[in-house]
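Novice: Submitted below is the structure of interest, expressed as C-alpha cells.
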Amino acid sequence: MEEIACKLLVIGAGPGGYVCAIRAGQLGVDTVIVERGRLGGSCLNVGCIPSKALIHVADEFEVLATAAAGKSVFGLTASAPKVDFAKAVAWKDEIVTRLNNGVAGLLRKARVKIVHGEAKFRDGKTVVVETETGLTLIRAEAVVIAAGSAPVELRFLPFGGDVISSTDALSLPEVPKRLAVVGGGYIGLELGTAFAKLGSKVTVVEALPRILPLYDQELTAPVARRLQELGVEVLTGAKAEGASHGALRLAAANGHPKKIAADKILVTVGRAPAVAGLGLEELVLDMDGRFIRIGERCETSMRGVYAIGDVTGEPMLAHRAMAQGEMVAEIVAGLPRAWDKRCIPAICFTDPEIVSAGLSPDEARAAGHEIKVGQFPFSASGRAMSRHAERGFVRVVAQADRNLVLGIQAVGQGVSELSAAFGLAIEMGATLEDIAGTIHAHPTLGEGLQEASLKALGHALHI
Amino acid sequence: MGEHVVKLPDVGEGVAEAELVEWHVKVGDIVREDDLLASVMTDKATVEIPSPVEGEIVWTGGEIGDTVAIGSVLVRVKTAGGGASKPTPESQAAEAGPPLAPPAEAPAPQARAPKRELPLARPAPKREPVASRRAPGEKPVASPAVRLLARDAGVDLRQVTGSGPAGRITGDDLDAFIARGPDAPRGPGLARKTEVTEVKVVGLRRRIAEKMALSKSRIPHITIVEEVDVTALEDLRAALNKKPTAEKPKLTVLPFLMRAMVRALAEQPSLNALFDDDAGVIRQHAGVHIGVAAQTPSGLLVPVVKHAEARDLWDCAAEVARLAERARDGTASRDELSGSTITITSLGPLGAIATTPVINYPEVAIVGVNRMAIRPMWDGASFAPRKMMNLSSSFDHRVIDGWDAAVFVQRLKELLETPALLFVDA
C-alpha cells in the first residue's frame, strides 16, 4: 500500500475543499486533497454552474419565443425558435470542463497533491483511499471533511427511470414534454422555470402551503406570479405519493388523490450530507442530526478533524463552504481565526431572482430587534423600466435606534448581482446613512438599495 | 440489544497514539456507566478511559503494551437498549460545544498525573452559547478588516468600545484599545505606565541565569526545613566572642555550621559529592570544600572554603572573612571561586523563616540558613523564650533519598543544639 504523510488532508474537492486546499497551499502547508469524482464538487459539476448555464439558455429561448408569439412589448419579431438541447447541454458541459481544469490548475499552483479515489477513515489521523491503482494510506496531522451533499431520495419515488434528481435534469437528452417537480424549494423552481421556458409543461408539487417556504411571502409573490404566467401549475399543500405509468400520484391539498401525467418526475426535496462510506463511524464524532457538529472554528468533537460545507448543515451554500474552507486552512497554518461572519447571502435564480442577506423583517423581530424597514419598488426605477423588468423591490431592514443595517433583500430580474453590495454593507456594519450617503451610479438597479435606505430614513427621493 | 463501540478518545495535545497499560475489564464483564475500561499512557500522562454506557463487554482490542491509535476501537459493549452508537439525546440537545467538546460516546478521559490539563473535563451538560451562535445583531459591529486585525492581535472585540455610527468599531478604536488596554476606572493621579525597559542579561548575571536554569532543569530538588534551637550555641558564641584577638576574630554562626557539616558529612559521604549526570558518575570527595554564597555588588558569588575538614573553628571563620572580602572587592581568584563540594547559603537578617535553596550544580546538597529569632518554645511545663533558627536544605533527589536527607538534617540539628558535640572526638 502506498503511504503518504502530510500536514493537511482535505476530503472532497468541492468549493469548500478546494478553497481550503488552495489557501493551505498558499500558506505553505503540506496539503493533500482527495476527490472521488471530478474536481469542483456538486457546485461546479451538477449544481450552481451547470444549472445557471441551462437557465441562461432558457432565458434566451424565452425572449425569442415571446417575440415569435407576437408578445414583445417593444416590437421584436422572430420566427418560431428551436433549441438543439443536446448542443445546449454540450455547451454547458464544456463550461464545466473548463472550470474543472481551472480548479486543477489552481490546486497545482498552490502545490496541493490531488489523489483521486474514495476516502475512508481508519482513525482520526489516518485515511485509506481506494484509487484506480490500489489503496493509498494517508496520514495527516489535520483532516478536513468536505464531502458535500447529494440529492435526497424519496422512499416512494426512488431515483431511476423517469424519476430524476437535479443532477440528471442537467443532462437530459431532450426537453421533456411534461415535467412534474416534487419540491417547491429553490432547486426545483429554478429548474422547473427553465424547462417551462424551454417548452415543458411543468407542474410543481409542494407539501407546504407555499413555494420557497424559507423566504417571506413578499419576496416570493413575484416568483409565484411569474410561474403562473409561464403556465407552470403549482400545487401547494399537496403530497407526492408515488409514480405509476408515466404519471405522478399525489394527494391534493383537499386530500383527494390526483394523477399528473409526466414524462419525467424531478424530485428536489432537499440535500443530505454525503458522508456514507467515509468511515465516520470510526471517529464517533458529535452530530447535529444528520450533520457533523462543528464549533466556531469548524472543529469537530475530535481534535485535528474539521468539517466544512454541506456536511455541517444549513445553509448548504457553496460560498459558505468556501469561507469555512479558507478559515480552516488558516487555522491549520496556525493563525488565530474563528467564524465571525455577519451574513451569508443566499440567492434563488428563479424568475425573477431573489436575494437575501442578513435578517428579514420577521427574523429581526424574532431576534428581539426594534426595526425600521425601507422598501423601494423597481416600478419606480428608470433602469428597471428600460429593462422591461419592473417587478420586484429592494428592502432594507435596520435597527430602529442606531440605523444599523441588519438585512437586505431584493426580488427582481438581475438582482443576484446586487448580492455583493448587500453582503458588503452588512459585513462592514453599515448604517442606513452610510448607504444613503454613497453615490450609486445612475441608471442602475443598485440605486434601489440607496432609495430603500433613504425611505427607511424617512426621506426617499423617488417614491 | 445493541452494541456500543468505545474508541480511544483524543487524550490530549497532539497525541496520535497511546500505550495500553492496563485493562480494567475483560470479555464477559458487566460494566456500568463510568466504570473504568482501560488505562492508556501517553508520553505525558496516564489516562483512564471510562465506559460511556452500561452493558456487557463482548470484545476488547489490544494487549497490554500495545500502542493504540486515537480513534481505534477499544472495546465493544453489548447494551440492553436499542441502536448502536447513537448520540445521546442530551448531547443532541446541547448547544454546539466549544472547541474540542468530547465525543458523546467517549467521555473525556481523566488524567491520573497531576498538573495535567486535559482539553476538557468531563461532560459539560449545559454550556453558554459560543460566539458563533450569537444572533447576528449581537455581534460587535466592525468591518471584516478590523475583525481580522483584532484576531491577529488577540483582542476580543466585545471589549472594545466603538466610536463609529451604531457603535461601529473603527481601526482607530482598535489601535487605541491595543495601546491602552481594557477600559478600567482610573483614579486621579494614578496614571498607567506602559513603558518597558529592556535590560540585557550579560556577564555574571547571564552566568548565574544559566547555572540556575541548569540546576533547576536537571535536578529534582527536595527541600527540608527544620528548626534548630541555637540558644546553647549562641551562649557559647557570646562567650568565645568576649575577647576577640587577631588570631581569634569574632565568630559568626557560619564556622559552627561548617564544623557541624564536616562532622555530619563524615558519616554521610554521599552528600559531599558531585554528580556528573552526563557520565552517570557520582564523585564522593573526601575533602569537604564548602562554598559560601555571598552577595556582591555585581551579583551572587560563591567563594569556597577549601578543606574545611582540616580547619578548626577560627580557621574557618578567618577563611570565610578573607574570601568574602575578596569577593566583594572583585579580587577573588578563579580558584577561590570554584571547587566546592557542598554549599551554604545565608541571607543573614533577611533570611526569612524558610527558603528553597537551589543546588549549586553539580553538587548534590545545599544548606540554607534562615533568620535567627527568639520564639516561645514549650519546654514541657511552660513556654520559654528560645533562640530559634531554621535550616532549609535542598538535595538532589535523583541520588539522595529523602531518608538520607532527613538523617543529615537531624544530625546538623543535634550538633548545633548541643555544640559541645562539635568539640568531642567521635
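The values are calculated or read from the model by the stated rules, or taken from the named source; none is laboratory data. These numbers were taken from a predicted model, which means no experiment stands behind them. All Cβ positions, glycine included, derive from the backbone under ideal geometry; neighbour counts span all protein chains shown.
Novice: Name, by its number, the condition in (1) under 19 Å from the mean Cα position of the chain (by Cα); (2) surrounded by fewer than 20 Cβ atoms within 10 Å (Cβ to Cβ) that does not hold for A:Gly134.
Specialist: Condition (1) is where A:Gly134 drops out.
Novice: Need pairs with beta-carbon distance below 6 Å; first residue more than 10 Å from chain B (Cβ to nearest Cβ) and within the stretch A:323-343, second acidic (Asp, Glu); sequence gap 6+ or separate chains.
Specialist: Close Cβ pairs (under 6 Å, with a partner that is acidic (Asp, Glu)) do not exist here.
Novice: Just for strands (runs of 3 or more DSSP E) wholly inside the stretch A:237-320: which have at least 3 residues that are within 13 Å of chain B (Cβ to nearest Cβ) and either touching a Gly at 6+ places or on another chain (Cβ under 7 Å) or buried (at least 20 other Cβ atoms within 10 Å of the Cβ) (or both)?
Specialist: A:305-307
Novice: For residues that are more than 18 Å from A:Val284 (Cα to Cα) and of a type in the set (S, T, N, Q), tally how many sit in the stretch B:46-65.
Specialist: Counting residues in the stretch B:46-65 that are more than 18 Å from A:Val284 (Cα to Cα) and of a type in the set (S, T, N, Q) gives 1.
Novice: Being polar (S, T, N, Q) and under 19 Å from B:Val262 (Cα atoms) is the filter; apply it to the stretch B:293-341 and report the residue that is modelled with the lowest pLDDT. Full working, then the answer.
Specialist: Residues of the stretch B:293-341 polar (S, T, N, Q): B:295-296, B:298, B:331, B:333, B:338, B:340-341.
From the residues that got through so far, the ones that are under 19 Å from B:Val262 (Cα atoms) too are B:338, B:340-341.
On the way: B:Ser338: 88, B:Ser340: 94, B:Thr341: 95.
Per the criteria, the residue is B:Ser338.
For every residue, the table says whether it meets (1) in a helix (DSSP H, G or I); (2) in contact with a Ser or Thr (Cβ under 8 Å, 6 or more places away or on another chain); (3) in contact (Cβ under 8 Å) with a residue 40 or more places away in the chain.
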| residue | (1), (2), (3) |
| --- | --- |
| A:Ile22 | yes, no, yes |
| A:Asn45 | yes, no, yes |
| A:Ile49 | yes, no, yes |
| A:Val73 | no, no, yes |
| A:Lys82 | no, no, no |
| A:Ala86 | yes, no, yes |
| A:Trp91 | yes, no, no |
| A:Val96 | yes, no, yes |
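Novice: I'd like to know if the stretch A:172-191 contains one or more residues that are within 30 Å of A:Gly304 (Cβ to Cβ) and either touching an Asp or Glu at 6+ places or on another chain (Cβ under 8 Å) or in a loop (DSSP other than H, G, I, E, B) (or both). Write out each step before concluding.
Specialist: Looking only at the stretch A:172-191, we keep the residues that are within 30 Å of A:Gly304 (Cβ to Cβ), and these are none.
No - not one qualifying residue is present in the stretch A:172-191.
For every residue, the table says whether it meets (1) closer than 24 Å to A:Gly37 by Cβ; (2) within 20 Å of the chain's Cα centre (by Cα).
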site	(1), (2)
A:Ala247	no, no
A:Lys259	no, no
A:Lys264	yes, no
A:Glu281	yes, no
A:Asp288	no, no
A:Glu299	no, no
A:Ile308	yes, yes
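Novice: Let me ask something additional. Consider A:Ala119 carefully, then state whether it is in contact (Cβ under 8 Å) with a residue 40 or more places away in the chain, in contact with a Ser or Thr (Cβ under 9 Å, 6 or more places away or on another chain), assigned by TED's automatic domain parsing to the domain that holds A:Val284 and crowded, with 20+ Cβ neighbours inside 10 Å. Let's see the steps before the verdict.
Specialist: Numbers: in contact (Cβ under 8 Å) with a residue 40 or more places away in the chain: yes; in contact with a Ser or Thr (Cβ under 9 Å, 6 or more places away or on another chain): no; assigned by TED's automatic domain parsing to the domain that holds A:Val284: yes; crowded, with 20+ Cβ neighbours inside 10 Å: yes.
No.
Novice: Quick one: which strands (runs of 3 or more DSSP E) sit completely within the stretch B:222-304 and have at least 1 residues that are out of contact with any helix residue (DSSP H, G or I) (no Cβ under 9 Å at 6 or more places or on another chain)? First the steps, then the outcome.
Specialist: Details: elements: B:273-276, B:281-284, B:290-296, B:299-301.
Ranges flagged: B:273-276, B:281-284, B:290-296.
Novice: When you go through (1) under 24 Å from the mean Cα position of the chain (by Cα); (2) farther than 25 Å from B:Asp235 by Cβ one by one for B:Ala352, which number turns out not to apply?
Specialist: Answer for B:Ala352: the failing condition is (2).
Novice: In the stretch B:194-241, what residues are among the β-branched types (Val, Ile, Thr) and free of Cβ contacts under 8 Å to residues at least 24 places away in the same chain?
Specialist: To start, the set of residues in the stretch B:194-241 that are among the β-branched types (Val, Ile, Thr) comprises B:194, B:196-197, B:199, B:201-202, B:208, B:219, B:222-225, B:228, B:230-231.
Those that are among the β-branched types (Val, Ile, Thr) and free of Cβ contacts under 8 Å to residues at least 24 places away in the same chain: B:Thr194, B:Val196, B:Thr197, B:Val199, B:Val201, B:Val202.
Novice: Restricting attention to the stretch B:194-203, does a residue exist that is among the polar types (S, T, N, Q), assigned by TED's automatic domain parsing to the domain that holds B:Ala354 and either over 25 Å from the mean Cα position of the chain (by Cα) or not in a loop (DSSP other than H, G, I, E, B) (or both)? Can you show your working first?
Specialist: Taking the stretch B:194-203 first, the residues among the polar types (S, T, N, Q) are B:194, B:197.
Next, only the ones that are assigned by TED's automatic domain parsing to the domain that holds B:Ala354 stay: none.
No, the stretch B:194-203 contains no residue that is among the polar types (S, T, N, Q), assigned by TED's automatic domain parsing to the domain that holds B:Ala354 and either over 25 Å from the mean Cα position of the chain (by Cα) or not in a loop (DSSP other than H, G, I, E, B) (or both).
Novice: Here's a follow-up. Only residues that are of a type in the set (A, V, I, L, M) and exposed (fewer than 15 other Cβ atoms within 10 Å of the Cβ): list them for the stretch B:246-297, please.
Specialist: Narrowing the stretch B:246-297 to residues of a type in the set (A, V, I, L, M): B:246, B:251, B:253-254, B:257-258, B:260-262, B:264-266, B:271, B:273-274, B:279, B:281-282, B:286, B:288, B:290, B:292-294.
Selection gives B:Ala246, B:Ala266, B:Ala279, B:Val281, B:Ala286.
Novice: So if I check each of B:Leu257, B:Leu265, B:Leu274, which one is at pLDDT 90 or above and out of contact with any Leu (no Cβ under 8 Å at 6 or more places or on another chain)?
Specialist: On the way: B:Leu257 fails: out of contact with any Leu (no Cβ under 8 Å at 6 or more places or on another chain); B:Leu265 fails: out of contact with any Leu (no Cβ under 8 Å at 6 or more places or on another chain).
Only one candidate passes the filter, namely B:Leu274.
Novice: Condition check: aromatic (Phe, Trp, Tyr), over 24 Å from B:Asp229 (Cβ atoms) and out of contact with any Leu (no Cβ under 7 Å at 6 or more places or on another chain). Does B:Trp314 satisfy that?
Specialist: Values: aromatic (Phe, Trp, Tyr): yes; over 24 Å from B:Asp229 (Cβ atoms): yes; out of contact with any Leu (no Cβ under 7 Å at 6 or more places or on another chain): yes.
The answer is yes for B:Trp314.
Novice: OK, next. Scanning the stretch A:128-142 for residues that are within 11 Å of another protein chain (Cβ to nearest Cβ) and touching a Ser or Thr at 6+ places or on another chain (Cβ under 9 Å), which turns out nearest to A:Ala333 (Cα to Cα)?
Specialist: Residue satisfying both the conditions and the ranking: A:Ala140.
Novice: So, one more: Any residue in the stretch A:29-40 that is more than 13 Å from A:Gly148 (Cα to Cα) sitting within a Cβ distance under 8 Å of a residue that is crowded, with 23+ Cβ neighbours inside 10 Å and aromatic (Phe, Trp, Tyr)? List the pairs, counting only those 6 or more apart or interchain.
Specialist: A:Ile33/A:Tyr18
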